Amino acid sequence: MNPIILGGILRNFYDSFDITEFNTRLKVQKIVYLMKSKDMSLGYDFILYLYGPYSVELTRDAFQIGDLVNDFPSMSKIIPSERKEGFAKFILELEKNARKDDIVWLEVVASYLFLKKLGFDNDGVLAKMKEKRPDFDISDEKIKEIISEINSEEFFV
């Protein structure tokens, strides 16, 4: 994908962008994966990595945003035209309770959706997340709470 287009899409979520920050990279990975899970794919393939779904190509393109754009806040927002209505709803869902900035929420939801697609049940999702990230200091109860929340809302599932 063209990094300028990617940057324009990300401008819908963030006013600033510093790809050298780990949390920025994590947010980008999870938001783009969540878009893919809602049939708004930007063409990136994902694998399961330490912090959930991860795309090498997306990381490369995100770093190019930093190289190509000196003033991210002045970039125009881009909305994928074929999914305009769905994208607007997606933005609202990520604005709810500041989800777009909650790296734990983003990681849990993206990992959950990725692992469910592979056939894991809820207990299997939890076990796999703990296996991939033994240092994940979020309680099982918090992870289950996030999973229950998105299942009850049914937007992401």
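Observations, loosely collected:
- Considering the conditions (1) free of Cβ contacts under 8 Å to residues at least 60 places away in the same chain; (2) open to solvent by 30 Å² or more (accessible area, probe 1.4 Å); (3) of a type in the set (V, I, T), I143 is excluded by exactly one of them, (2).
- Residue that is open to solvent by 10 Å² or more (accessible area, probe 1.4 Å), part of a helix (DSSP H, G or I) and closer than 19 Å to I9 by Cβ, where the choices are I91, I79: I91
- Scanning segment 33-76 for residues that are open to solvent by less than 20 Å² (accessible area, probe 1.4 Å) and in a strand (DSSP E or B) turns up G52, P53.
- Unmet criterion (only one of (1) more than 28 Å from E145 (Cα to Cα); (2) in contact with a Gly (Cβ under 6 Å, 6 or more places away or on another chain); (3) hydrophobic (A, V, I, L, M, F, W, C); (4) open to solvent by less than 30 Å² (accessible area, probe 1.4 Å)) for M1: (4)
- Number of positions in segment 4-31 that are open to solvent by less than 40 Å² (accessible area, probe 1.4 Å), farther than 19 Å from N97 by Cα and either of a type in the set (A, V, I, L, M) or at pLDDT 95 or above (or both): 4
The values are calculated or read from the model by the stated rules, or taken from the named source; none is laboratory data. Owing to the predicted nature of the structure, the values given are computational and were not obtained by experimental measurement. All Cβ positions, glycine included, derive from the backbone under ideal geometry; neighbour counts span all protein chains shown. SASA here: full protein model, heavy atoms, side chains in, ligands and nucleic acids out. Shrake-Rupley method; radii C 1.70, N 1.55, O 1.52, S 1.80 Å.
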